[in-house]
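Peer 1: Got a structure for you, questions after.
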Amino acid sequence: MANRFLRRPNLMHRFSTVSPIGPPTTTIPEILSFDQSKPDVDLDLSDEARLFASVSISNLFRSTAVLHATSIGPMVDLGSWLMSSKLMDATFTRDLVLRLVKGTFYDHFCAGENAAAAARRVKNVYESTGLKGMLVYGVEHAEDGGACDNNIQKFIETVEAAETLPTSHLSSVVVKITAICPMSLLKRVSDLLRWQYKNPNFKLPWKLNSFPVFSGLSPLYHTTTEPEPLTVEEEQELEKAHERIKSICLRCQESNVPLLIDAEDTILQPAIDYMAYWSAIMFNSDKDRPIVYNTIQAYLKDAGERLHLALRESEKMNVPIGFKLVRGAYMSSEARLADSLGYKSPVHDTIQDTHDCYNECMTFLMEKASNGSGIGVILATHNTDSGKLGARKASELGIDKENGKIEFAQLYGMSDALSFGLKRAGFNVSKYMPYGPVETAVPYLIRRAYENRGMMSTGALDRQLMRMELKRRLMGW
């Protein structure tokens with residue numbers, strides 16, 4: 001598999017309404033009693049009555065309504081325009097819109113307005129469904145060091161909230177490097193790393209030990225001329241960013257809570273990979289369970305090669321490593337930037353190429369996990385074919401579904417049928433559950449709306465199965 005990768009020419013937020021007198025109400029279809037009977041041998045997503053057996057009819061109505069609304073293209077376009085228009089500058093309009101968003105889309109896709117509320121939501125979801133939580137503070141970007149300092153405190157609060165939960169309830173916490181290192185500095189570091197890859201004799205005195213972040217297929221067009229070295233002030237800010245990352249890694253290590261580092265656009269990703277792998281080298285000391293996980297985006301043409309190179313280096317250094325495998329969420333912006341610079345997009349040419357790359361990376365990681373490698377794998381997918389392939393591959397390889405080496409994940413409020421089906425098949429399954437003030441969730445909610453837009457969207461299977469189950473109950477079948 002590794003050699004095939006090298007030959008291949010081409011793989012956030014559901015916030016909750018917080019009650020002033022108790023925990024938030026659950027809006028992922030709420031399961032009233034989790035069926036812990038014998039797991040399914042195969043992944044079966046065709047029996048809606050079985051999948052949604054203990055979902056209350058009121059929550060089925062609500063989830064179906066939200067997913068149906070996001071499938072209506074003109075409604076999504078109107079909502080996106082409104083949220084970014086000058087109408088939001090008026091206090092009355094802004095408050096009205098945010099209240100409407102909070103009671104519908106925000107409650108469906110997000111976990112709470114603060115860390116304590118999100119932890120309660122994780123507890124409720126696990127106790128009712130058996131699905132674990134991935135907690136993430138919902139801020140995405142920071143422009144200066146002051147904002148980064150504020151954000152790292154919120155991420156530390158996320159770990160503190162995770163510490164209040166039983167280990168069985170929580171999969172991990174998530175951090176965005178773009179929120180704890182200024183965006184302009186991440187771009188500068190990425191430029192310098194790209195230039196060094198092009199010119200190996202180019203010296204970077206600030207560079208720390210890491211794994212490879214480029215391959216022969218990696219896009220390098222972002223950096224066409226030799227960048228200026230980091231200034232003294234930039235080096236100082238980079239050291240502060242390292243300290244912020246160290247602080248949350250150390251807290252996660254002390255609490256034995258895995259830390260997932262999210263991915264971004266390719267213009268910033270080299271710096272993010274560099275910091276993620278440096279953190280893994282520093283803090284992944286447990287040979288059986290890595291603390292730091294990096295994210296691989298399978299829609300990128302260089303994903304397979306970079307995954308192989310990083311894993312080979314981690315094995316050479318005897319450093320355990322965790323990977324979260326996703327498809328990717330920045331296809332349009334990647335294509336626009338590449339086109340503006342006169343290059344082809346770094347994203348695979350067809351959706352089938354992306355599916356193939358995801359499935360190849362998934363198989364490669366599962367094979368590594370099955371042979372005793374010090375690796376953790378989180379398969380984040382809404383694609384039912386990948387879910388079925390992963391379940392079948394785990395059976396073929398004899399992977400222990402409960403030892404935590406392999407885990408599936410979906411976004412909170414999306415692909416619930418796949419989550420329930422995988423759980424019924426005996427796998428560890430988690431929901432990515434962002435939290436924070438409603439206004440900070442708006443960019444995330446707009447992305448979720450566009451992902452569910454249209455009849456053939458990500459949410460189509462859930463909408464179909466939920467409607468069928470509603471009809472079955474209403475007809476008294």
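Peer 1: Under 5 Å between amide H atoms, partner at least 5 residues away or on a different chain: which partners does GLY374 have, H built in plane at 1.01 Å?
Peer 2: Here nothing satisfies the definition.
Peer 1: What dipole magnitude, in Debye to the nearest 20, does segment 254-335 give about its Cα centre under +1 on Lys/Arg Cβ and -1 on Asp/Glu Cβ?
Peer 2: With only Lys, Arg, Asp and Glu charged at Cβ, the dipole is about 220 debye.
Peer 1: Return the label of the correct value of Cα Rg over 2.2 N^0.38 Å, as calculated from the structure shown, out of (1) 1.05; (2) 0.95; (3) 1.21.
Peer 2: This structure yields the entry labelled (2).
Peer 1: Got a sec? Charge dipole of the chain, +1 on Cβ for Lys and Arg, -1 for Asp and Glu; which of LEU135, GLY421, ALA303 is way out at the positive end?
Peer 2: The Cα lying farthest towards the positive end belongs to GLY421.
Peer 1: For segment 306-374, what does the relative contact order come out to in percent, with C-alpha contacts under 8 Å and a separation of six or more?
Peer 2: Working: 29 pairs, mean separation 22.5, N = 69.
Over segment 306-374, the number comes to 33 percent.
Peer 1: Along the Cα→Cβ direction, 7 angstrom out, place labels at LEU341 and LEU250. What is the inter-label distance in nm?
Peer 2: Going from the LEU341 label point to the LEU250 one covers 3.6 nm.
Peer 1: So which trypsin sites (Lys or Arg not before Pro) in segment 199-240 are both in a DSSP loop and have at most 11 other Cβ atoms within 10 Å of their Cβ?
Peer 2: Those that pass, being in a loop and sparsely packed, are LYS203.
Peer 1: Which loop-located GluC sites (Glu not before Pro) does segment 321-383 contain, where loop means any DSSP state but H, G, I, E or B and the Cβ has at most 15 other Cβ atoms within 10 Å?
Peer 2: Here no loop site has a sparse enough neighbourhood.
Peer 1: With labels modelled as points extended 7 Å from the Cα through the Cβ direction, what inter-label distance (nm, one decimal) is found for ASP286 paired with ASN150?
Peer 2: Output for this residue pair reads 3.4 nm.
Peer 1: Can I ask one more? Show which lysines lie in cross-link reach of LYS123 when reach means a straight Cα distance below 16 angstrom and same-chain residues fewer than eight apart are skipped.
Peer 2: LYS132, LYS431
Peer 1: Excluding TYR358 itself, calculate the net charge of residues whose Cβ lies under 11 Å from the Cβ of TYR358, where each Lys or Arg counts +1 and each Asp or Glu counts -1.
Peer 2: -3
Peer 1: Okay, next question. Which residues in segment 249-291 have a backbone N closer than 18 Å to a point placed 7 Å from the Cα of THR167 along the Cα-to-Cβ line?
Peer 2: Counting only backbone N, you get 250-260, 284-291.
Peer 1: Next question. Kindly rank 311-319, 283-291, 165-173, 108-116 from highest to lowest mean number of other beta carbons found within 10 Å of each residue. Write out the running numbers ahead of the final one.
Peer 2: Details: 311-319: 15.3, 283-291: 16.9, 165-173: 19.2, 108-116: 25.1.
Result, highest mean Cβ count within 10 Å first: 108-116, 165-173, 283-291, 311-319.
Peer 1: Whole-Hz Karplus ³J(HN,Hα) for segment 112-127, in order, using 6.51 cos²θ - 1.76 cosθ + 1.60 and θ = phi - 60°, x for Gly and Pro?
Peer 2: Result, ordered by residue: x, 8, 8, 5, 5, 5, 5, 4, 5, 5, 4, 4, 4, 5, 5, 5 Hz.
Peer 1: Then there is this: Over the chain, with the other protein chains present, what is the accessible area per residue in square angstrom, probe 1.4 angstrom?
Peer 2: Per residue, the chain has 41 Å² of solvent-accessible surface.
Peer 1: What is the dipole size for segment 273-410, taken about its Cα centre, with +1 at each Lys and Arg Cβ and -1 at each Asp and Glu Cβ, in debye to the nearest 20?
Peer 2: For this selection, approximately 160 debye.
Peer 1: For LYS198, list the aspartates and glutamates whose Cα falls under 14 Å from its own Cα; do not include residues on the same chain fewer than 8 positions away.
Peer 2: By straight Cα distance, LYS198 reaches GLU226.
Peer 1: Report ³J(HN,Hα) in whole Hz for each residue of segment 366-375, in order, from the Karplus equation J = 6.51 cos²θ - 1.76 cosθ + 1.60 where θ = phi - 60°; Gly and Pro get x.
Peer 2: Once θ is set to phi - 60°, the couplings for segment 366-375 become 5, 5, 4, 5, 6, 9, x, 5, x, 9 Hz.
Peer 1: Moving to a separate point now. Can you run phi through the Karplus equation (6.51, -1.76, 1.60; θ = phi - 60°) for segment 321-337 and list ³J(HN,Hα) in whole Hz, with x for Gly and Pro?
Peer 2: Once θ is set to phi - 60°, the couplings for segment 321-337 become 8, x, 10, 9, 9, 10, 7, x, 10, 10, 4, 5, 5, 5, 5, 4, 5 Hz.
Peer 1: Continuing with the same structure: Could you check the simple spin-label distance between GLU315 and LYS203, using points 7 Å along Cα→Cβ, in nm with one decimal?
Peer 2: Between GLU315 and LYS203, the simple spin-label model gives 3.5 nm.
Peer 1: Still on this structure, I have one more. Nothing charged except the Cβ atoms of Lys and Arg (+1) and of Asp and Glu (-1): what's the magnitude of the dipole of the chain about its Cα centre? Round to the nearest 20 debye.
Peer 2: 940 debye
Peer 1: Normalised by the number of residues in segment 75-209, what is the relative contact order in percent for Cα pairs under 8 Å and 6+ residues apart?
Peer 2: Taking the mean separation of contacting Cα pairs over the length of segment 75-209, I get 21 percent.
Peer 1: Check LEU170: other-chain or 5+ apart residues with amide H under 5 Å from its amide H, H built from backbone geometry?
Peer 2: Those lying under 5 Å, H to H, from LEU170 are GLY133.
Peer 1: Keeping the other protein chains in place, figure out the carbon and sulfur percent of the accessible area of the chain, with a 1.4 Å probe.
Peer 2: 54 percent
The values are calculated or read from the model by the stated rules, or taken from the named source; none is laboratory data. Small disclaimer: the values here were computed from a predicted structure and weren't measured. We place every Cβ from the backbone using ideal geometry, glycine too, and count neighbours over all the protein chains shown. Heads up: the accessible areas ignore ligands, DNA and RNA and are worked out on the full protein's heavy atoms, side chains in. Shrake-Rupley method; radii C 1.70, N 1.55, O 1.52, S 1.80 Å.
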